[in-house]
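To keep things clear, I will list the structure first and then write my remarks on it.
The values are calculated or read from the model by the stated rules, or taken from the named source; none is laboratory data. Predicted model only: the values in this text are computed from it and were never measured. Cβ: placed from backbone, ideal geometry, glycine included. Neighbour counts: every protein chain shown. We work out accessible area using only protein heavy atoms, side chains counted, and drop any ligands, DNA or RNA first. Shrake-Rupley method; radii C 1.70, N 1.55, O 1.52, S 1.80 Å.
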Amino acid sequence: MRVQGDYARQGYAHVEELIPPEVADAFLRRLSADLPDLTSRFLAHAPIIRKTSIDVYAADYPPMLQFLWGLTPSMRALSGRDMLPTYNYFRLYRKGDICRVHSDRPACEHSLSLTMGYSDGLTWPLEIGVEPITHAGPIENDFAGAPYASFAMRPGDAVLYRGVQHRHGRVTANPNRWSAHMF
């Protein structure tokens, strides 16, 4: 695991190889085998995405809960905070999707976006607003001229960020047929 950035000072950091890519791939294969009806049972519509996405919450798939608790010691070490996990979910984005710029709810004080895989191997960057915010703003298509950092993540890479204090999104269209992420 390699950390690029200073989470304590900046409020975000790129964590390369948080998990081995082979573990991310094995998780995706298992999820697909366990939940063959992903495209129908788990379709969701969130205001941050213009189309429907496939969202799976830990309550619907217990191995995700084990993943959440398994990452908690790493989150503690990376954030420098003693914490307990609140929740996690998995989202499968499709070709052309963007994730509109937003901030998270209070339960996401310390957020993690973990890339699990890409159908076509093309990285799809996550952007994080450089300046902290003091209150949630509207969901927007871009950063409206505000400075942001961009992180291209490979499978197994993550970005740790203060989700309530830093607006974030994916403002370029997903170049893959699909991309898989756990939050």
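Computed from point charges on the beta carbon alone (+1 for Lys and Arg, -1 for Asp and Glu), the dipole magnitude for region 102-144 about its Cα centre is near 140 Debye. Averaged per residue, region 85-127 has 36 square angstrom of accessible surface, using a 1.4 angstrom probe with ligands and nucleic acids left out.
Calculation over all alpha carbon pairs of the chain in 5 angstrom steps from 0 returns a P(r) of 1, 8, 17, 22, 23, 18, 9, 2, 0 percent.
Note on Leu35 and Lys51: the model spin-label points, each 7 Å out from Cα along the C-beta direction, lie 1.9 nm apart.
How would you classify region 1-87 from its alpha-carbon gyration tensor, with a ≥ b ≥ c the square roots of the eigenvalues: rounded for a/c under 1.5, else prolate if a/b is greater than b/c, otherwise oblate? Prolate is the answer for region 1-87, as a/c is 1.5 or above and a/b outweighs b/c.
Provide the packing ranking of 33-45, 51-63, i.e. peptides ordered by the mean count of other C-beta atoms within 10 Å per residue, highest first.
Values: 33-45: 11.8, 51-63: 15.3.
Peptide ranking by packing, descending: 51-63, 33-45.
Each label point was placed 7 Å from the Cα along the Cα-to-Cβ direction; for Arg105 and Val3 their separation is 2.8 nm. Anisotropy class assigned to region 98-183 is prolate, per the alpha carbon gyration tensor with a/c at or over the 1.5 cut-off and a/b larger than b/c.
Per-residue Karplus couplings for region 167-183, computed as 6.51 cos²θ - 1.76 cosθ + 1.60 with θ equal to phi - 60°, are listed in order as 5, 7, x, 10, 8, 9, 5, 4, x, 8, 4, 7, 9, 10, 9, 10, 10 Hz, Gly and Pro entered as x. As a fraction of the 1.4 Å probe accessible area of the chain, surface on carbon and sulfur atoms comes out at 55 percent. Surface analysis of region 1-81 yields an accessible area of 58 Å² per residue, using protein heavy atoms and a 1.4 Å probe. Around the Cα centre of region 118-183, unit charges on the Cβ atoms of Lys, Arg, Asp and Glu (plus for the first two, minus for the last two) sum to a dipole of about 140 debye.
Could you size up the charge dipole of the chain around its Cα centre, putting +1 on the beta carbon of Lys and Arg and -1 on that of Asp and Glu, and report it in debye to the nearest 20?
Working: 19 positive and 19 negative charges, 52 e Å.
With Lys and Arg at +1 and Asp and Glu at -1, about 240 debye.
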